[in-house]
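The values are calculated or read from the model by the stated rules, or taken from the named source; none is laboratory data. None of the values given here were measured: they were computed from a predicted structure. When we count neighbours, we look across all protein chains shown, and the Cβ atoms used for this are built from the backbone with ideal geometry, even at glycine.
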Amino acid sequence: MSESQLWDDVDDYFTTHLAPEDEDLTAAVRDSEAAELPHVAVTAPQGKLLHLLAQTQGARTVLEIGTLGGYSTIWLARALPADGRLVSLEYSPRHAEVATRNIARAGLDKIVEVRVGAALDSLPQLADENPAPFDLVFIDADKSNNPHYVEWALKLSRAGSLIIVDNVVRGGRVADAGSTASDVQGTRTAIELIGRHPRLSGTAIQTVGSKGYDGFALARVLA
Ligand code: SAH
Ligand code: DHB
Ligand code: MG
């Protein structure tokens with residue numbers, strides 16, 4: 001059996017027992033596939049991890065950068081109280097449209113707001129509205145801008161907020177200091193920024209699973 005087949009099997013086993021998808025999540029996957037969105041949403045066990053982390057945070061407000069079809073959005077929004085708020089930023093109007101339908105089907109349209117546009121345009125607009133600080137920020141968009149997204153996450157959060165960055169390993173490419181790939185460079189700069197920032201305490205964890213070999217960075221806002 002190949003290593004990746006084994007990773008799939010283990011993810012299927014964990015999904016069955018720990019992170020089963022209900023009809024709304026299954027439908028979100030189905031409609032994202034039907035609309036030919038890229039197959040890069042978090043896995044069910046990863047979605048459940050985001051959900052648990054949001055609950056552990058006691059989160060009332062979540063900021064997500066990179067919506068795609070709203071799969072991670074649904075896992076996160078389900079951790080929020082009925083009067084909670086999740087703002088998700090998405091560049092592609094087509095992705096946002098699919099996501100908006102998936103989110104509404106899951107009954108989360110009162111909590112979730114999908115904003116279309118480049119996140120680096122949407123973030124200053126959001127900041128101008130002086131929103132309540134976000135308790136959790138999930139960064140999962142264009143990886144080359146990860147350092148900017150970490151800076152914005154800091155501006156829009158409070159002491160105790162949690163910042164999560166997806167896809168920080170990318171098959172191990174993150175360790176290649178000489179890489180000229182903009183996603184690797186962006187992620188390396190973000191990791192190093194987290195490491196030396198006086199207001200952040202962070203770590204990163206490598207993962208395997210049905211999405212291959214990748215990982216998350218987590219950072220707690222200190223002050
Ligand atoms: N969080 C989703 C996956 C997001 S995939 C999930 O796990 O279910 C990354 C998304 O970021 C894509 O939909 C892509 O269109 C979007 N994106 C890429 N560049 C962006 C930008 N500059 N601003 C906002 N979103 C962007
Ligand atoms: C890609 C983006 C993601 O958010 C992800 O989880 C995996 C891959 C990508 O753009 O390749
Ligand atoms: Mg991702």
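For segment 125-135, the criterion of being of a type outside the set (S, T, Y), over 25 Å from T26 (Cβ atoms), within 13 Å of ligand 1 (Cβ to nearest atom) and in a strand (DSSP E or B) is met by none of the residues. In the set (1) more than 16 Å from ligand 2 (Cβ to nearest atom); (2) over 15 Å from the mean Cα position of the chain (by Cα); (3) among the hydroxyl-bearing types (S, T, Y), S161 fails one condition alone, (2).
When R94, R30, R60, R101 are checked against the criterion of being modelled with pLDDT of 95 or more, within 20 Å of I163 (Cβ to Cβ) and either out of contact with any Phe, Trp or Tyr (no Cβ under 6 Å at 6 or more places or on another chain) or away from ligand 3 (no atom under 16 Å from the Cβ) (or both), a single residue qualifies: R60.
Take A181 and decide whether it is over 15 Å from the mean Cα position of the chain (by Cα) and within 16 Å of ligand 2 (Cβ to nearest atom).
Details: over 15 Å from the mean Cα position of the chain (by Cα): yes; within 16 Å of ligand 2 (Cβ to nearest atom): yes.
The answer is yes for A181.
Every residue in segment 188-223 that is free of Cβ contacts under 8 Å to residues at least 40 places away in the same chain, in a strand (DSSP E or B) and either within 30 Å of D8 (Cα to Cα) or of a type outside the set (S, T, Y) (or both), please. G202, T203, A204, I205, Q206 - these are the residues of segment 188-223 that are free of Cβ contacts under 8 Å to residues at least 40 places away in the same chain, in a strand (DSSP E or B) and either within 30 Å of D8 (Cα to Cα) or of a type outside the set (S, T, Y) (or both).
Out of L63, L53, which single residue is closer than 22 Å to F216 by Cα and buried (at least 22 other Cβ atoms within 10 Å of the Cβ)? Working first, answer last.
Values: L53 fails: buried (at least 22 other Cβ atoms within 10 Å of the Cβ).
Criteria check complete, one pass: L63.
Can you tell me which of A175, A106, A82 is more than 16 Å from ligand 2 (Cβ to nearest atom), over 20 Å from R220 (Cα atoms), among the small types (G, A, S) and surrounded by 16 or more Cβ atoms within 10 Å (Cβ to Cβ)?
Values: A175 fails: surrounded by 16 or more Cβ atoms within 10 Å (Cβ to Cβ); A82 fails: surrounded by 16 or more Cβ atoms within 10 Å (Cβ to Cβ).
Exactly one of A175, A106, A82 is more than 16 Å from ligand 2 (Cβ to nearest atom), over 20 Å from R220 (Cα atoms), among the small types (G, A, S) and surrounded by 16 or more Cβ atoms within 10 Å (Cβ to Cβ), namely A106.
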